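A.B. asks: Supplied in structure tokens, the structure appears directly below.
No lab work stands behind these numbers, since they all come straight from the coordinates. Since we're looking at a predicted model, the values are computed, not measured. A quick note on method: Cβ atoms are made from the backbone with ideal geometry, for glycine too, and the neighbour counts reach across all protein chains shown.
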């Protein structure tokens, strides 16, 4: 009887431990869910199942949206001051149709912040698709637009390996800035330029939206482009424009200016 009782106790303890660890396992790979526990999330499968019913909102920058987006997505960047008010043009606060926000994936906070703002403004039936645009594109290229074309050509998606190959350390970035053919471009917004790294030659201040327009026109193609942003994220999208315009001689400052030595 004692052995049986001990077995029951063991199974009970094991059950408690499993119930404690399961949420952690379920959230693995989605680090921001713990920060926004009140925000409901939707999976790729569920979003696709109710694709026609859902109102899908892309809250990223125009540069990112123009590169790739869910076909029926409404573009409403969270960076605008009137974000919550603009949502009223998309759907009533008490509307029945789910409104789903998305951005770039598991570690992108914009979609969570958009849902949080919407809920605080009184919107109901709010969800976040936190798997992000890349996972959606790979699962459903027929419902994805890449550079204005549908279905999205998956072979044109820039892989982590392709991006990492173009990232260089600050020491290498600084060394290359002294090359005769080098052009250093600071793609940050003016308000982000509190720290200016010490580099050789002139630094051209060209915000990312203006830079992609120049890239489309083939500007600076004869130069070795050394591009830096704030934290090494915006250049991921600039790379799409560089590749699309057939640029070959370009590099990015790894981790951006904020990650450079002081």
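A.B. asks: Take every DSSP beta bridge whose two residues both sit in the chain, then give the antiparallel share in percent to the nearest 5.
C.D. replies: In the chain, approximately 15 percent of DSSP beta bridges are antiparallel ones.
A.B. asks: For the chain, what is the calculated [θ] at 222 nm in deg cm²/dmol (nearest 500), taking -39500 (n - 2.57) for each run of four or more DSSP H residues and dividing by its residue count?
C.D. replies: Here the helix-only value at 222 nm equals -10500 deg cm²/dmol.
A.B. asks: Hey, another quick one. Considering only DSSP beta bridges whose two residues both sit in region 116-228, what percent are antiparallel, to the nearest 5?
C.D. replies: In region 116-228, DSSP labels about 10 percent of beta bridges as antiparallel.
A.B. asks: Most fluctuating residue of 109, 196, 206 in a GNM of the chain with Cα springs under 10 Å: which is it?
C.D. replies: In this elastic network of the chain, the residue with the biggest mean-square fluctuation among 109, 196, 206 is 196.
A.B. asks: Let me ask you something else. Multiply the residue gap between residue 62 and residue 204 by 0.36 nm, knock off their C-alpha separation, and tell me the result in nm, one decimal place.
C.D. replies: Here the segment from residue 62 to residue 204 would lengthen by 48.9 nm.
A.B. asks: With the crude spin-label approximation of a point 7 Å out along Cα→Cβ, what separation in nm comes out for residue 106 versus residue 155?
C.D. replies: 2.8
A.B. asks: Another question, then. Would you kindly state how much longer the chain becomes between residue 94 and residue 135 on full extension, computed as 0.36 nm times their sequence separation minus their alpha carbon distance, in nm to one decimal?
C.D. replies: This chain segment gains 11.8 nm when fully extended.
A.B. asks: Given springs between every Cα pair under 10 Å in a Gaussian network model of the chain, which of 190, 151, 98 has the largest fluctuation?
C.D. replies: 190
A.B. asks: Give the shape of region 157-224 as rounded, prolate or oblate, defined through the alpha-carbon gyration tensor: a ≥ b ≥ c are the square roots of its eigenvalues, a/c under 1.5 means rounded, and otherwise the shape is prolate if a/b is larger than b/c and oblate if not.
C.D. replies: Since a/c stays below 1.5, the shape of region 157-224 is classed as rounded.
A.B. asks: Can I ask one more? Who wins for biggest fluctuation among 66, 229, 164 in a Gaussian network model of the chain, springs between alpha carbons below 10 Å?
C.D. replies: 164
A.B. asks: Rounded to the nearest 0.05, what FRET efficiency is calculated for residue 86 and residue 222 with R0 set to 51 Å and r the Cβ-Cβ distance?
C.D. replies: The value I calculate is 0.75.
A.B. asks: Starting from the Cα gyration tensor of the chain, take the square roots of the eigenvalues, sort them a ≥ b ≥ c, and report rounded, prolate or oblate (rounded when a/c is under 1.5, otherwise prolate if a/b is larger than b/c, else oblate).
C.D. replies: It comes out prolate by the Cα gyration axes.
A.B. asks: Moving on. What shape does region 19-160 have by the C-alpha gyration tensor, where a ≥ b ≥ c are the square roots of the eigenvalues, rounded means a/c under 1.5, and otherwise prolate means a/b greater than b/c and oblate the rest?
C.D. replies: oblate
A.B. asks: Compute the angle between helix 234-244 and the longest alpha-carbon principal axis of the chain, please, reported from 0 to 90 degrees and rounded to the nearest 10.
C.D. replies: Tilt of helix 234-244: around 60 degrees.
A.B. asks: Multiplying the sequence separation of residue 38 and residue 193 by 0.36 nm and subtracting their Cα-Cα distance, what value in nm do you get?
C.D. replies: 52.3 nm
A.B. asks: If you don't mind, another one. Give the percent of DSSP beta bridges with both residues in region 44-156 that are antiparallel, rounded to the nearest 5.
C.D. replies: 30
A.B. asks: Compute the acute angle (0 to 90°) between the alpha-carbon long axis of helix 2-27 and the principal axis of greatest extent of the alpha-carbon atoms of the chain; round to the nearest 10°.
C.D. replies: 30
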